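The next block holds one structure in the form of structure tokens; read it before the comments.
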Amino acid sequence: MFRLKKVIKKIFFGGKQKSTNTEKSPDNIIRSRFKTKYWNFKNLLSINNTILESMSKIELALKGTQRFSMEFIRGNCTSISVNIYKLIKKINDISDGRYETLYHTFADIQFRIDQILEEREKSVDGKLVLSIEDINTNSTTHTGSKMANLGEIMNMTDINVPHGFVITVSAYHLFLDHSDLQKNINQQLQSVDIENIKMLKMASSNIQKLIMQSSVPLELEAAIFDGYKRLQEKTEKDVKVSMRSSALGEDSQDFSFAGQYHTELNVGFKTLIDSYKKIISSKYSIQAITYRFNNGLLDEDIIMCVGCMAMVEAISSGVMYSKDPDDIYNDIVVINAVPGLGKAAVEGSVSPDLFVVSKEQTFQLLKKEIHVKDQKIVFFSNKELHIIELSDPDKYGPAITDKQAYSLAKQAVMLENHFNTPQDIEWAIEKDGMIRILQSRPLKQLKKEDNEFIDNSLSIKVNNQTILSGGVAASPGVAFGPAFIVNTAEKIYNFPAGAVLVAKNSLPNLATILNRAAAVVTDHGGIAGHLATVSREFGIPALFGTFTATQNIKNKTIITVDTYSRKVYEGKAEALLKKFPAKRISSIKGSPVYITLEKILKQITPLNLTDPKGSNFTPEGCLTYHDITRFCHEMAITEMFDSGTNNNQIKAGKRLVVDVPTQWWIIDLGDGFKGSIEKDTVRLENIASAPMLSLWEGMMAVKWDGPPSIDAGGFMSIMVQSTMNRDLCASGRSIYSQNNCAIISKNFCNFSCRCGYHYLVAQTFVSDQSRENYIKFCFKGGAADQNRKFLRMKLIEEILIKYDFQVEICEDYMNATIVGYDQSSTIKRLKMLGYLTMHTRQLDMIMNNPARVAYYKKKILKDISFLIPASK
């Protein structure tokens, strides 16, 4: 790069010449001032491109299916804001401060964006602790849905709920405001790449330690102890409690948060405060953070309430659905049961017994599957939890009786009728036979059309070998990928995207990597477990309770999982995959994060300044950041190439005298001209810049046929976008083309061209030293709709790639580069760019017509091959 540096030094710093009076002449002072202005202009163009790239990036995020976080939004908003400020500074440097009112416009827009970013639903002030008897579904915003629902159920006859209390939203805010916890948590989250599991683990660990090490305000501590004492009065002295999350948004119709937060069982008086902090800190477990990210939920909107309920000394427990979760049968209740506490059932460490009961008045038992159960988790009053190995009679026997199944089904129907929607219910049965309801939330169901696949799946002939069959379809679908057996925590961190997750148990912490998994297969677990619930929410095929998956499936082998037929096949089962394409559910659209970005984009991307001669084309007329970029860019070109009389400067550029219906201004940086030059104009034969001449040759080599004729759809598309622009037709002169310019030296050219609605910049350095040579080509705009503009971009991309350019496209913005080619090859590619500049104009208008596209593509490639034969 030595020669390039030498040239730049010579052009802009004048080498080591001694100071003379000539250097202080008016012409040299003007030249020096202009060179400073040029560098500011060049920086302005670079900043402008960075802003447009960021705008396109967040527009694409909103239109795509990829999930994004608040950190993504804040990061891009910060980047755009910082660069907008730099842009305003540069235009004022160029114009001697004529546009300082833009700072006020910028501040107004920034204020509106800040308000959106800081928006959050403020909870009403209230008590720190509430008894479960004092709450109902109207208390949701202060207690969370889980505890509010249980308070509602407690008032129902014939249904029993354990006594308890809830630590509220007000308590949460009091705790986090104490010691400035929320600020420290935000700092940890802002630097995290959610997709990087190891980085996420470190941040999660740091935040949880931060919470656990923080003290609870004395006021809150006293309220929790008082709630416990009142619970003792209703139950017994030294009652043990279970402490569970009841976060806002949890157990709602849209988001279950199943298994994402910590539950602390068998808690006594002395450990109440530490257990409370454990539940709060579980908001920042890896699986909880990723769950929020995958569903587009705002961290600040998930406020953690904690429910404290008297422990139930259960002989059996489980989960039941008041309706078939697959939405095939409306008249059944599905019950999963295990002996002892239900922890084993919801965490997927055992395969629960299955009971299917009719909803009819007689509550007939339609189906019963009894599985082998090696152990159970039990609770003894005032003692710790114990895992007990089961003897043969209990191991093979049912967890509940048929009569108990009928009673459970009856309560499930009562709850469904009361809440007027199918319910997902956790329950426990005590020694005296009393049923206790521990949780009731809306049942997340599948769409009816998904059920049509089951019969179709069984009728498809599959030639692939069956690896295993059986189990339960926890979440429907067909998917394939390399098997990845997760048997250690380290395996979770190394799980590759697109693999099939194979595990012994369907543990809730596996939800951390569900967004990367093609499907899930486990040895144990049922449809009622937390992982099953989250799999259905994300639309990921899941086959649980196969018993032999980790034995029969070999690591890294390609397998196909078909939950409709409950089979796993060797290899890629093309027939199945063709019939049942992947239908992963994207929850980002309509989510709080999505809505936030929608609001912010209204302040950033709309373009209101379309006509530089319009009365609103002023700093005060800028309503968005896009308006500011458009205004600054237009004014920068005016300031650079038409200095005018406002500042009594001499016009720095010379008008190019050519027989074309456009105006070009040429700026010489030192050795770009040759021969005798007129005062205000320059002729093509006086241009000594090889790169500019190459671009110009490409532009003029083949006569442009004018805008392509368009169909009704293309015309309507343009009418929607803007008025039809024919500025560059041979019959008219462009109001924009007057600002076309080239800043040149012998080896350098910055070539800026506005062609109607299209704007492009080609910057290049060409010498006999290959390592110094480069071309950067930026292109943006179009008159048609977004789809047509994008298709036109793809056509240009295909051509550029053919000639070795590295191309990046984001919406209607293209950035193409090529570096290190020899002088001859670089010159040839500049000719090609010159040709494309002229001949791809307004092609976006016909991009929905395949025949027309094929014609123009063939013509363009033929012209280029004639223009630059043997371009390699």
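The values are calculated or read from the model by the stated rules, or taken from the named source; none is laboratory data. Small disclaimer: the values here were computed from a predicted structure and weren't measured. Ideal geometry is used to build each Cβ from the backbone, glycine not excepted, and the neighbour counts take in all protein chains shown. Note: accessible area is taken over every heavy atom of the protein model, side chains too, but ligands, DNA and RNA are not part of it. Shrake-Rupley method; radii C 1.70, N 1.55, O 1.52, S 1.80 Å.
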Can you tell me which residues in segment 392-416 are at pLDDT below 90 and over 30 Å from residue 267 (Cβ atoms)?
392, 393, 395, 396, 397
Only helices (runs of 4 or more DSSP H) wholly contained in segment 1-116 count here; list those with 3 or more residues that are within 30 Å of residue 638 (Cα to Cα) and modelled with pLDDT under 80.
2-13, 26-63
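Listed residues 291, 261; which is farther than 30 Å from residue 394 by Cβ, at pLDDT below 75 and outside any strand (DSSP E or B)? Give the derivation first.
Working: 261 fails: at pLDDT below 75.
Result: 291 is the single residue among 291, 261 that is farther than 30 Å from residue 394 by Cβ, at pLDDT below 75 and outside any strand (DSSP E or B).
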Filter segment 144-195 for residues that are on the phi > 0 side of the Ramachandran plot and touching a Ser or Thr at 6+ places or on another chain (Cβ under 6 Å); the one that is least open to solvent (accessible area, probe 1.4 Å) is 144
Check segment 220-233 and report whether any residue there is aromatic (Phe, Trp, Tyr) and buried (at least 16 other Cβ atoms within 10 Å of the Cβ).
yes
Please give the number of the condition residue 166 fails out of (1) assigned to a helix (DSSP H, G or I); (2) at pLDDT 90 or above.
(1)
Please indicate, with yes or no, whether at least one residue in segment 809-816 is at pLDDT below 80 and in a helix (DSSP H, G or I).
no
Which one is least open to solvent (accessible area, probe 1.4 Å) among residues in segment 460-479 that are in a strand (DSSP E or B) and over 26 Å from residue 325 (Cα atoms)?
467
Is it the case that segment 757-765 has a residue that's touching a Pro at 6+ places or on another chain (Cβ under 8 Å), of a type in the set (A, V, I, L, M) and open to solvent by 10 Å² or more (accessible area, probe 1.4 Å)?
no
Name the residues in segment 480-509 that are open to solvent by less than 10 Å² (accessible area, probe 1.4 Å), among the hydrophobic types (A, V, I, L, M, F, W, C) and either farther than 27 Å from residue 337 by Cα or at pLDDT below 85 (or both), would you?
483, 495, 499, 500
Residues of segment 464-475 that turn out to be out of contact with any strand residue (DSSP E or B) (no Cβ under 8 Å at 6 or more places or on another chain) and modelled with pLDDT under 85, as a count
0
Could you list, in sequence order, all residues of segment 388-436 that are open to solvent by 60 Å² or more (accessible area, probe 1.4 Å) and closer than 21 Å to residue 163 by Cβ?
418, 431, 432, 434
Considering every residue within segment 630-643, establish whether at least one is open to solvent by less than 60 Å² (accessible area, probe 1.4 Å), modelled with pLDDT of 90 or more and on the phi < 0 side of the Ramachandran plot.
yes
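Go through segment 510-559 residue by residue and tally those that are among the hydroxyl-bearing types (Ser, Thr, Tyr), buried (at least 23 other Cβ atoms within 10 Å of the Cβ) and part of a helix (DSSP H, G or I).
3
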Is it true that some residue in segment 244-253 is at pLDDT below 90, open to solvent by 60 Å² or more (accessible area, probe 1.4 Å) and on the phi > 0 side of the Ramachandran plot?
no
